[in-house]
1. For the chain, which whole-number percentage of the solvent-accessible area (1.4 Å probe, protein heavy atoms only) is attributable to carbon and sulfur atoms?
2. Charges only on Cβ, +1 for Lys and Arg, -1 for Asp and Glu: so what's the dipole of the chain about the Cα centre, in debye to the nearest 20?
3. Normalising by the residue count of the chain, find the relative contact order in percent from Cα pairs under 8 Å and 6+ residues apart.
4. Taking only protein heavy atoms into account and a 1.4 Å probe, give the accessible area per residue of the chain in Å².
5. Under 10 Å, Cα contacts only: if you run a Gaussian network model on the chain, which one of TYR93, TYR104, TYR37 comes out with the highest mean-square fluctuation?
6. What lysines could a cross-link reach from LYS64, if we take a straight Cα to Cα line under 21 Å and drop same-chain neighbours fewer than 8 places away?
Amino acid sequence: QVQFVESGGGLVQPGGSLKLSCAASQSIVSMNTMGWYRQAPGKQRICVARITSGGFIYYIDSVKGRFTISRDNAKNTVYLQMNSLKPEDTAVYYCNIWPRAEEYWGQGTQVTVSS
């Protein structure tokens, strides 16, 4: 089964930027919709952005205008560019297909926004 490896997280000050990458162990061409999810301490894991193979994109309201999701099928990679980061964006970020498949969760990458 496919494995996703997330990277690019770190500690950043409010207003800063990070670009997350999600590398898949196999082709993502057949995966119609890919999503970025996040889980903050004590909260449920939610999908913050998703992108279809046809380029349709959806964001939750709290990240609209700040986050950009993209995919490179040739590299089997999905990206999340995060700008104007806020403390409330602090979470572990994961990628997965959408709707989520529980067996595909990776280790995630920690994003901490703090001064």
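The values are calculated or read from the model by the stated rules, or taken from the named source; none is laboratory data. Predicted, not measured: the structure shown is a model, and the values here were computed from it. Please note: Cβ atoms are built from the backbone with ideal geometry, for glycine as well, and neighbour counts cover all protein chains shown. Protein only, heavy atoms only, side chains kept; ligands, DNA and RNA dropped before computing areas. Shrake-Rupley method; radii C 1.70, N 1.55, O 1.52, S 1.80 Å.
1. In the chain, the share of accessible area belonging to carbon and sulfur is 48 percent.
2. 180 debye
3. Contact order relative to length: 38 percent.
4. Value returned for the chain: 52 Å² of accessible area per residue.
5. Of TYR93, TYR104, TYR37, the most mobile in the Gaussian network model is TYR104.
6. LYS19, LYS43, LYS86
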